[in-house]
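The values are calculated or read from the model by the stated rules, or taken from the named source; none is laboratory data. Fair warning: this is a prediction, and the values are worked out from it, not measured in the lab. A quick note on method: Cβ atoms are made from the backbone with ideal geometry, for glycine too, and the neighbour counts reach across all protein chains shown. Just so you know, the surface numbers come from the protein's heavy atoms only, side chains and all, with ligands and any DNA or RNA stripped out. Shrake-Rupley method; radii C 1.70, N 1.55, O 1.52, S 1.80 Å.
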Amino acid sequence: MLAGHQTWIFNNSPVILTTGTVGGPFEAKGNIPEAFDTLHDDMWLKQASFEKAQQKMMEEACQIAIKKSSIEIEQVQFFISGDLINQITPTSFAASTMGLPFFGLFSACATSMESLALSAAIINGNGANYILSGSSSHNAATEKQFRYPTEYGGQKPPTSQWTVTGAGCALVAKEGNGPKITSATIGKVVDMGMTDPFNMGGAMAAAAADTIETHLKERNVDPSYYDLIITGDLGHVGREVSLDYMHKRNISLEEKNYVDCGLTIYREGQPVLAGASGSACSAVVTYGHFLKQMAKGELKRILVVATGSLHSTLSIQQSDPIPCIAHAVSIESGSDNV
Amino acid sequence: MADEKKKNLPPEAQEYQEFQSKREVKRPLLKNCLKAFLVGGFICFIGQIITTFYIYNFNFTEQTAGNPTVATLIFITMLLTGFGFYDRIGQFAGAGSAVPVTGFGNAVIASAIEYRTEGFILGVGSNMLKLAGPVIVYGVFAAFVIAIIKTILVQWGGF
């Protein structure tokens, strides 16, 4: 199962049975509203706080994924998920509501793929039959914790990014119909001494490049093996930096096969500056948009590389650099192997 | 100090930072300054109109009209912040809407709104001055230092 030093090959091919995606009002006006199963027109979801709204979105995403499948929630062994809020409380409360055994994760915006990789590894090793794997974020809750109050009139630089309000969830199963999870590469923390929390794309690009390079080497495939290599939330700056950086290191990745979830979710003209970010970003775009394309047969093999900056407000105030991570999971269409 | 810190980084990181900064979108400084000048100037222009209004219609002088003018500007800011417009003005204008008293008002009001969910004491009470607090602390401290300098000059310099 282990290939090289940090890559898992899943020989028993766990499948993504169903997915559930939930978004907010800003996502409804975006580029891919059809990627969401549910779109809310209220940032609060009629809850008392933004954090509770985020919890609600996570619960809804899981319920949708279960509803679409033929199984009951009692048959699910584990719920593996995380978010950006202090001590991941929205996810913990969602886990409490669902009453499932729970692994809480934090890899910032890379949580979605960390969760999917772990789910696939557990299922591949016969540790479970069904796992709900997801992540969520809420724009206002994240802004409040990491930056300024939402209504504060501070000017953001062109490198800053817009946190997605949403939640994405995948029901991973041992067998069934659906795209197969074939391998995963767990990233190392890459610290290039970058210190600007308003330029996370530029900081995370190094981690993305490192994980992609390792994945290709350890799985012994060419970048052209994948129809698309999809990064989580690098934005304009990070995408360009990582692409050029890989070219410099002789990885022949073509520009048209290298897309970013953070540049897919919103349309031109929305005030998102360098693009989207947030732990929901890679989850909703992968589960809602790219897996739908795969179901239609437009894509056969994708590598999703979710990227996260693991800083906190405390570490930034104490002038520490931003540690970054990227986890890659390859998903291949089921019909390909039949 | 920043340079010194940079020198301590491994060569790989230094190289990456240089590589990255070449591709980083820079703040459009000149454009930002111009926008800040125009919007900041416009806010002051409105302030002047309000001052003139108070002087001509009520019993205020040029010296005493300042307080009601500031109060009125902050009241307008409160409405703009509450209805969600001020952050958009701020993104456009930058320092132009942050430096005038409206920016100070916005910093207090935005925090008060944001922390309402944590209650009136520990939420609004303790976080209201989260952004504006440093302005008050260093404003008072700077005034104290200037006052000491002035006192010394007046006492010893005989100005």
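Only one of the numbered conditions (1) away from chain A (no Cβ under 14 Å); (2) assigned to a helix (DSSP H, G or I); (3) free of Cβ contacts under 8 Å to residues at least 24 places away in the same chain; (4) not aliphatic (A, V, I, L, M) is not met by B:K22, and that is (1). Looking across B:L129, B:L153, one residue alone is within 20 Å of A:R147 (Cβ to Cβ) and among the hydrophobic types (A, V, I, L, M, F, W, C). It is B:L129. Checked against the criterion of being modelled with pLDDT of 95 or more and within 12 Å of chain A (Cβ to nearest Cβ), the candidates B:L9, B:L38, B:L80 yield just one match: B:L80. Just so you know, in region A:35-58 the residues that are acidic (D, E) and without any contact (Cβ under 8 Å) to a residue 60 or more places away in the chain include one that is least open to solvent (accessible area, probe 1.4 Å), and it is A:D42.
Among the residues of region A:187-227, those that are under 30 Å from A:N129 (Cβ atoms) and crowded, with 23+ Cβ neighbours inside 10 Å comprise A:G187, A:T211, A:H215, A:Y226. If you go through region B:51-73 and keep only what is within 24 Å of B:A107 (Cβ to Cβ) and surrounded by fewer than 18 Cβ atoms within 10 Å (Cβ to Cβ), you end up with B:G66, B:N67, B:P68, B:A71, B:T72. Just one of the listed residues (A:L216, A:L132) is out of contact with any strand residue (DSSP E or B) (no Cβ under 7 Å at 6 or more places or on another chain) and more than 10 Å from chain B (Cβ to nearest Cβ), namely A:L216. Scanning region B:74-86 for residues that are surrounded by fewer than 23 Cβ atoms within 10 Å (Cβ to Cβ) and under 14 Å from the mean Cα position of the chain (by Cα) yields a count of 1.
Within the span defined as region A:245-261, every residue fails to be farther than 23 Å from A:G4 by Cβ and small (G, A, S). Filtering region B:87-111 to residues that are open to solvent by less than 20 Å² (accessible area, probe 1.4 Å) and facing chain A (nearest Cβ under 8 Å) leaves B:G90, B:A93, B:G94, B:S97, B:G103, B:N106, B:A107, B:A110, B:S111.
Checked against (1) in contact with a Gly (Cβ under 9 Å, 6 or more places away or on another chain); (2) open to solvent by 80 Å² or more (accessible area, probe 1.4 Å), B:L122 meets all criteria but (1). When restricted to residues that are free of Cβ contacts under 8 Å to residues at least 60 places away in the same chain and open to solvent by 30 Å² or more (accessible area, probe 1.4 Å), region A:241-267 contains 12.
When we screen A:M43, A:M1 for residues that are within 25 Å of A:G187 (Cα to Cα), in contact with a Gly (Cβ under 8 Å, 6 or more places away or on another chain) and modelled with pLDDT under 95, the only hit is A:M1. Just the residues that are within 12 Å of chain B (Cβ to nearest Cβ) and closer than 25 Å to A:L2 by Cα, please, taken from region A:190-213. Of everything in region A:190-213, those that are within 12 Å of chain B (Cβ to nearest Cβ) and closer than 25 Å to A:L2 by Cα turn out to be A:V190, A:A206, A:A207, A:A209, A:D210. When A:T111 is tested against the conditions (1) among the β-branched types (V, I, T); (2) buried (at least 24 other Cβ atoms within 10 Å of the Cβ); (3) more than 14 Å from the chain's Cα centre (by Cα), the lone failure is (3). Each residue in region A:135-171 was checked for being within 14 Å of the chain's Cα centre (by Cα) and at the interface with chain B (Cβ under 10 Å from one of its Cβ atoms), and 0 of them qualify.
Looking only at region A:175-189, filter to residues that are modelled with pLDDT under 95 and touching a helix residue (DSSP H, G or I) at 6+ places or on another chain (Cβ under 7 Å); which one of those is nearest to the other protein chains (Cβ to nearest Cβ)? By that ranking, first place goes to A:G178. Any residue at all in region A:275-295 that is closer than 20 Å to A:F146 by Cα, open to solvent by 10 Å² or more (accessible area, probe 1.4 Å) and modelled with pLDDT under 95? No, every residue in region A:275-295 fails to be closer than 20 Å to A:F146 by Cα, open to solvent by 10 Å² or more (accessible area, probe 1.4 Å) and modelled with pLDDT under 95. May I ask you to list pairs of residues, at least six apart or on different chains, whose Cβ atoms are under 9 Å apart, with the first in region A:272-299 being within 14 Å of chain B (Cβ to nearest Cβ) and the second being part of a strand (DSSP E or B)? So the pair list comes out as A:V272/A:W162; A:L273/A:W162; A:A274/A:W162; A:G275/A:W162; A:G275/A:D260. Within region B:112-123, residues that are at the interface with chain A (Cβ under 8 Å from one of its Cβ atoms) have Cβ atoms under 6 Å from residues that are of a type in the set (D, E) and open to solvent by 20 Å² or more (accessible area, probe 1.4 Å) in these pairs: B:I113/A:E151, counting only partners at least 6 apart in sequence or on another chain. Residues that are open to solvent by 10 Å² or more (accessible area, probe 1.4 Å) and touching a residue at least 40 places away in the same chain (Cβ under 8 Å) were ranked within region A:77-92; the one that is farthest from the chain's Cα centre (by Cα) is A:Q77.
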